[in-house]
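The structure appears below as structure tokens.
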Amino acid sequence: MAWSDLPGFQREWVYPLKSSGRYTRIRQTLGNGLIAFLAALPWIPIGGKPAVLMDLGTRRLYAFGETFTPRDSALLVVIFLIMAFSLFLVTALWGRIWCGYACPQTVFLESWIRPLEEWIEGSRGVRIRRDNRGWTLDKAWRKGLKWTLFALLSIGLSLTLTSYFVPALELWSGDGPAGAYGVMFALAGGVFFDLAYFREQFCNFLCPYARFQGALTDERSQVVEYEVQIGEPRREKPRAATEGACIDCKKCVAVCPQGVDIRDGYQLNCINCGSCADACEGVLAKLGQGSLITYTSPDTRADQKGPRPRTIVYSALLVVLSVTLVVLLAQRQPVDASVARAPGTLFTVDADGAVRNTFLLMVTNNGSASVTPTITVDGSYELIVPPISIPAGESRMVPVVVRTDDVESRTQDLRLYVDDLEIKTTFKTGAES
């Protein structure tokens, strides 16, 4: 198989016409808001740490003033499941609307790349005519400038994404680890290839959501639909009253970022962005008619308006997961700790006859402020521990010495407390039984 036979390496290039209308305004407002939010998040300090930082080296996630460690894996799994089933529910209700309004691929492509491309290379028709001709000086400098700006945007975007794993100030000032910059440039190369060339082919062939979203929708999901009964048969002249309402202007096709003709029926490649609905509404409004393309469900029967099993199941799962999340958060301790026996002998007999065990206590501060935890022991034990203060989001290893005169059994249960957190371990005495 040759490279030209692979999807994306031989295709009809899509030149979307700039759209305008209510759905376009919603998409642009939401997209710009998402970009601003994602770009600002690594720079917002909360408790001395970025609002969101995934520190892979220490295996900690800092999120909005809280610190999550591997011991919080169950909590993170519940959060990811809530996100997943929320997406499933939204898809069951409104189809592939995530792709059209919130997917990073669509947001960056429609908010930055296409406007920049039109500013440098001109309108849709001008770009088509120039690309169909051979290379000229005018075409070369425009393409070169466009690709240079795309490369700079790709680097900026990759730096922003990497800032979720390396502190933003450290990374952007050039003081980050070399590996982070290697990953960043590799990511920038992939982003540049996607935004400059691959584009809608990513949605059509690589995006996993595009593959399984068909199984999440049904005949009652709200998707972009063409009113066939009103629009067909198409007419070329607006005054041909004997024919349908569609005047076959093809503007709905011209504005589609996926190159889809929605009049051929709902297609998997459609991302539910509503550009075609805006285009149709803008044209037919001049003729005193409503849009032939709307958000609707293929099945509009009156006897099918009750709840659907799949939406009930998704909603019920979201309620259960949300309650589980609240319970886990309520039970989560601001201070986490684990204990291990110090290397060496299991116990030592002191000069006064007391038996001593030495432990290493690892204490982690999950909160957003410095803490001074209180360490105590349950039972007739003497505890020797140095004072400890732990900054927000950090850990300290503390040596703990436990002594007792009670040596009736070889192994005794021992309960240490770090504030209200109970830690169970054993105390060795060397007794006969």
Given (1) over 41 Å from the mean Cα position of the chain (by Cα); (2) within 13 Å of residue 337 (Cα to Cα), residue 375 misses just (1)
Reported set for the stretch 321-357 where residues are assigned to a loop (DSSP other than H, G, I, E, B) and either farther than 24 Å from residue 374 by Cα or of a type in the set (Gly, Ala, Ser) (or both) is 342, 343, 344, 345, 346, 347, 350, 351, 352, 353, 354
Sole miss for residue 264 among (1) crowded, with 16+ Cβ neighbours inside 10 Å; (2) charged (D, E, K, R); (3) at pLDDT 90 or above is condition (1)
Flagged in the stretch 45-96 as touching a Ser or Thr at 6+ places or on another chain (Cβ under 7 Å), assigned to a strand (DSSP E or B) and surrounded by fewer than 18 Cβ atoms within 10 Å (Cβ to Cβ), in numbering order, are 46
Scanning the stretch 174-227 for residues that are out of contact with any Phe, Trp or Tyr (no Cβ under 6 Å at 6 or more places or on another chain) and in a loop (DSSP other than H, G, I, E, B) gives 174, 175, 176, 177, 199, 207, 217, 218, 219, 220, 221, 227
Being exposed (fewer than 14 other Cβ atoms within 10 Å of the Cβ), more than 30 Å from residue 270 (Cβ to Cβ) and hydrophobic (A, V, I, L, M, F, W, C) narrows 330, 285 down to just 330
Residue 210 passes all but one of the listed conditions (1) surrounded by 17 or more Cβ atoms within 10 Å (Cβ to Cβ); (2) at pLDDT below 85; (3) touching a Ser or Thr at 6+ places or on another chain (Cβ under 9 Å); the exception is number (3)
Do we have any residue at all in the stretch 122-135 that's over 30 Å from residue 57 (Cβ atoms), touching a Ser or Thr at 6+ places or on another chain (Cβ under 9 Å) and assigned by TED's automatic domain parsing to the domain that holds residue 45?
yes
Those residues of the stretch 118-177 which are hydroxyl-bearing (Ser, Thr, Tyr), touching a residue at least 60 places away in the same chain (Cβ under 8 Å) and over 22 Å from residue 193 (Cβ atoms) amount to 123
Among residues of the stretch 388-410 being surrounded by fewer than 13 Cβ atoms within 10 Å (Cβ to Cβ) and at pLDDT 90 or above, the residue nearest to residue 338 (Cα to Cα) is 397
What do you reckon, is residue 187 assigned by TED's automatic domain parsing to the domain that holds residue 41, of a type outside the set (Gly, Ala, Ser), surrounded by 17 or more Cβ atoms within 10 Å (Cβ to Cβ) and more than 30 Å from residue 16 (Cβ to Cβ)? no
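The values are calculated or read from the model by the stated rules, or taken from the named source; none is laboratory data. Just so we're clear, the structure is a prediction, and the values are computed from it rather than from any experiment. We place every Cβ from the backbone using ideal geometry, glycine too, and count neighbours over all the protein chains shown.
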